[in-house]
Amino acid sequence: MLQELHVTRGIIENFFRELLEYTKIDVAIVGAGPSGLVAATLLAENGKKVAIFERKLAPGGGIWGGGMLFNKVVVQKEAKHILEKFEINFSLYGEDYLIADAVELAATLISKATKAGVKIFNGVHVEDVVIKNGRVNGVVINWTPIEMVHLHVDPLVVEAEYVLDGTGHDAAIAKLVAKRTNCCDVKGMGAMWVNEAEKLVVEKSGEIYPGLYVMGMSTAEVYGLPRMGPIFGGMFLSGEKVAKAILST
Ligand code: 48F
């Protein structure tokens with residue numbers, strides 16, 4: 001017979017076992033947008049213990065709405081290998097562009113990440129980082145609703161060898177570290193220029209302070225790069241670049 005007590009205990013026992021297991025990890029990724037999901041999957045597939053902390057309930061970041069809520073996503077041909085690797089359907093649009101369904105893209109990236117062993121903690125806000133001996137060493141986390149209603153509740157810490165800022169336009173982790181160190185000056189993104197933006201966002205993604213990497217739109221925010229609008233190849237390729245950089249250390 002089904003029992004309420006078993007349902008409750010099943011959730012609590014299993015959640016807390018996993019949370020404990022993830023208090024010390026190789027890579028903490030903040031933000032489950034396209035750059036975060038791609039980086040996480042590649043790192044987990046190569047043996048890293050990876051968690052993504054996502055402040056919203058649904059992972060996927062800015063993918064779901066395509067452009068102006070028209071839920072199609074444009075990807076340049078340079079990132080075709082990512083769509084193929086993640087088994088995302090696409091059609092060709094002219095010679096240079098691929099078109100994918102935004103909902104399929106978000107759902108598939110999330111599914112591939114979790115199946116590769118990435119643990120996604122949703123509803124969790126990263127409010128700070130640990131910095132020890134000149135290196136970022138972990139993330140300081142709390143439940144998003146606690147932050148939203150400004151409850152005076154202290155956060156907890158997850159220790160991580162590497163922290164990746166995939167927080168998009170917020171560049172939340174880069175801003176925190178910039179405030180406390182002289183690592184960088186977060187300039188804020190510039191006006192739209194898709195070709196330059198997509199090239200530079202990949203070029204500049206990488207380590208900005210020992211242990212802290214930026215990727216995706218947070219790279220554009222840090223370096224004052226132009227915005228690119230609803231084209232996603234640069235997001236995938238910057239996540240891929242950061243994953244490769246960590247795997248080669
Ligand atoms: O913005 P987002 O999708 O990041 P991205 O990988 O991709 C950007 C594109 O979606 C799009 C674009 C395409 O060219 O320009 O905008 O750079 O996802 C960022 C995620 O980070 C979460 C936020 O809820 C979103 O899902 N996030 C932001 N701040 C925090 C956070 C935080 N402090 N703690 C946890 N999650």
> Do any residues in the range 224-244 that are touching a residue at least 60 places away in the same chain (Cβ under 8 Å) and polar (S, T, N, Q) have Cβ atoms under 7 Å from those of residues that are assigned to a loop (DSSP other than H, G, I, E, B) and crowded, with 24+ Cβ neighbours inside 10 Å, where the two are at least six apart or on different chains, and which pairs are they?
Replying inline: SER238/SER205; SER238/MET215; SER238/GLY216
> When the range 2-35 is examined, which residues are found to be outside any loop (DSSP other than H, G, I, E, B) and polar (S, T, N, Q)?
Replying inline: THR8, ASN14, SER35
> acidic (Asp, Glu), part of a strand (DSSP E or B), within 20 Å of the chain's Cα centre (by Cα) and modelled with pLDDT of 95 or more: does that describe GLU207?
Replying inline: yes
> From the residues in the range 154-186 that are over 12 Å from the mean Cα position of the chain (by Cα) and of a type in the set (S, T, N, Q), which one is nearest to the ligand (Cβ to nearest atom)?
Replying inline: THR181
> Of the residues that make up the range 189-202, is at least one over 20 Å from GLY134 (Cα atoms), acidic (Asp, Glu) and at pLDDT 95 or above?
Replying inline: yes
>> Looking at the structure I just gave you, is ALA58 surrounded by 15 or more Cβ atoms within 10 Å (Cβ to Cβ) and of a type outside the set (Lys, Arg)?
In response: no
>> The conditions are (1) among the hydroxyl-bearing types (Ser, Thr, Tyr); (2) in contact (Cβ under 8 Å) with a residue 60 or more places away in the chain; (3) surrounded by fewer than 16 Cβ atoms within 10 Å (Cβ to Cβ), and TYR162 fails exactly one of them. Which is it?
In response: (3)
> Considering the range 23-45 alone, what residues qualify as being polar (S, T, N, Q) and under 23 Å from GLU87 (Cβ atoms)?
Replying inline: SER35, THR41
>> Filter the range 168-179 down to the residues that are more than 16 Å from GLY134 (Cβ to Cβ) and out of contact with any strand residue (DSSP E or B) (no Cβ under 6 Å at 6 or more places or on another chain) and list them by number.
In response: GLY168, HIS169, ASP170, ALA171, ALA172, LYS175
> Does ASN182 fit the bill of being farther than 23 Å from ILE52 by Cβ, among the polar types (S, T, N, Q), assigned to a helix (DSSP H, G or I) and out of contact with any strand residue (DSSP E or B) (no Cβ under 8 Å at 6 or more places or on another chain)?
Replying inline: no
> Take the residues of the range 213-249 that are surrounded by 24 or more Cβ atoms within 10 Å (Cβ to Cβ) and assigned to a strand (DSSP E or B): which is nearest to the ligand (Cβ to nearest atom)?
Replying inline: VAL214
> Restricting the range 107-155 to residues that are under 19 Å from LYS48 (Cα atoms) and touching a Ser or Thr at 6+ places or on another chain (Cβ under 6 Å), which is surrounded by the most Cβ atoms within 10 Å (Cβ to Cβ)?
Replying inline: ALA113
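The values are calculated or read from the model by the stated rules, or taken from the named source; none is laboratory data. Treat the numbers as computed from the prediction; the structure is a model and nothing was measured. Cβ coordinates were reconstructed from backbone atoms using ideal geometry, including for glycine residues, and neighbour counts include every protein chain displayed.
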